[in-house]
Amino acid sequence: MTDTTNATSSAHPYDSLTPDVILDGLEDAGFEVSGRLFALNSYENRVYQIGIEEQSPVIAKFYRPGRWSEPQIREEHDFTRQLLDADIPVVAPMALPTGETLGRVGEFLFAVFPQRGGQAPDTSVTDTLYRLGQWLGQLHNCGDTQDFVERPTMDLIQGLRANNEFLVNAGWVPEDLRPAWDSLLPDLIASCKRRMDDAGDVHSLRIHGDCHAGNILCREEQMLFVDLDDCRTGPAIQDLWLLLNGDDVERGQQFGELLEGYEMFRDFNRRERHLIEPLRCYRQIAHCAWLAKRWDDPAFPRFFPWFAQPRFWSDQILSLREQLAALQSPSISLPGQF
């Protein structure tokens, strides 16, 4: 097991992101800060609500050093602004007095967003799913107008292999569970490959990348897509499947509602449904690797203490066995169509 004592006691780049640094960065960017600062829930980056004199507060996101390059972040901003210009409801970064959307203070790149309120959409409501599908169809139409140059492209199989290799080589999987883990991962990867073969050639485009309900705000019948930090090139289904929940029948019905709205604006390749379970498998392994790679950040041992416990890994093996069964079962169907 990784030595978490040394990891949590070592210095971390975010240690130098003090309130003074944050407020100085906003002031240098042209904001008249009031001194009020409130940290919001965020683990990958650091996000704050910051008071502005005689104006509404703003939201400032300080990007994790070393995760994205400056050109990659600028592509995120450009894509978000393009969506906004296309009248797609998205919270886009504000233009700073310099005309840029990206600021810098010390080693930190940051962006400032208008404050927006709301709650996650209730995806059990069919009308909500229909409307989300409509907006996602339009989002993908915009995303398909040009390509990313700097942002990554989703590669499920390579990603599974790389994340598994990292977890094993870094000693995160307990030794007594290694035989079960090591025998399970090749079967998962092989089953993912078979499902991807069922999908065939799939068109890739610029997508939100992490379009779950927590990244959508609803207020007074308005929907807002937020946080394109994970935008990349990938299949359209990646922005749809995270909105599905429940058993197979429920998810099939929800998928049908999403597509009914989606196809008001854009055709959807129905064979992409075969990618849902490989994407779910990838997300599960990637989440483990994400926690492991961030363990030197003091926030992670504090908020995810169970990750370093053997019980977590035995539970993961059970969950991945269930995922293997799902990969070997028929793909999700749409009522009356498959």
Prolate/oblate/rounded call for region 126-327, Cα gyration tensor, a/c under 1.5 rounded: prolate
Under-5 Å amide H pairs with ARG104, H placed in peptide plane, nonlocal only: PHE110
Relative contact order (%) - criterion: Cα under 8 Å, at least six apart; region: the chain: 21 percent
Relative contact order of region 1-124, defined on C-alpha pairs under 8 angstrom at six or more residues apart (%): 21 percent
Derived scalar couplings ³J(HN,Hα) [region 75-80; Karplus, 6.51 cos²θ - 1.76 cosθ + 1.60; whole Hz; x for Gly, Pro]: 5, 4, 5, 4, 5, 5
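Would you calculate, for the chain, the mean residue ellipticity at 222 nm contributed by helices, counting each DSSP H stretch of 4 or more residues as -39,500 (n - 2.57) and dividing by all residues, to the nearest 500? Working shown, then result.
Values: 10 runs with 142 residues, N = 338.
The helix contribution divided over the chain gives -13500 deg cm²/dmol.
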Gyration tensor (alpha-carbon) shape descriptor, the chain, a/c threshold 1.5: oblate
Residues with amide H under 5 Å from that of VAL90, placed H, sequence gap 5 or more: PHE225
Coil-residue GluC sites (Glu not before Pro) of region 41-142, DSSP, other Cβ within 10 Å capped at 12: GLU53, GLU54, GLU107
DSSP loop trypsin sites (Lys or Arg not before Pro) with at most 14 other Cβ within 10 Å excluded, longest remaining stretch of the chain: 117-338
Residues whose placed amide H lies under 5 Å from that of SER34, excluding near-sequence neighbours: GLY51, ILE52, GLU53
In Hz, Karplus ³J(HN,Hα) per residue of region 313-321 (6.51, -1.76, 1.60; θ = phi - 60°; x = Gly, Pro): 6, 5, 5, 4, 4, 4, 5, 5, 5
Length-normalised contact order for region 126-327 - Cα pairs under 8 Å, 6+ apart - percent: 35 percent
Whole-Hz ³J(HN,Hα) from phi, Karplus 6.51 cos²θ - 1.76 cosθ + 1.60, for region 129-142, glycine and proline x: 5, 4, 5, 4, x, 4, 5, 5, x, 6, 4, 6, 4, 5
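None of the figures in this text is laboratory data; all of them are computed from the coordinates on show. Owing to the predicted nature of the structure, the values given are computational and were not obtained by experimental measurement. A quick note on method: Cβ atoms are made from the backbone with ideal geometry, for glycine too, and the neighbour counts reach across all protein chains shown.
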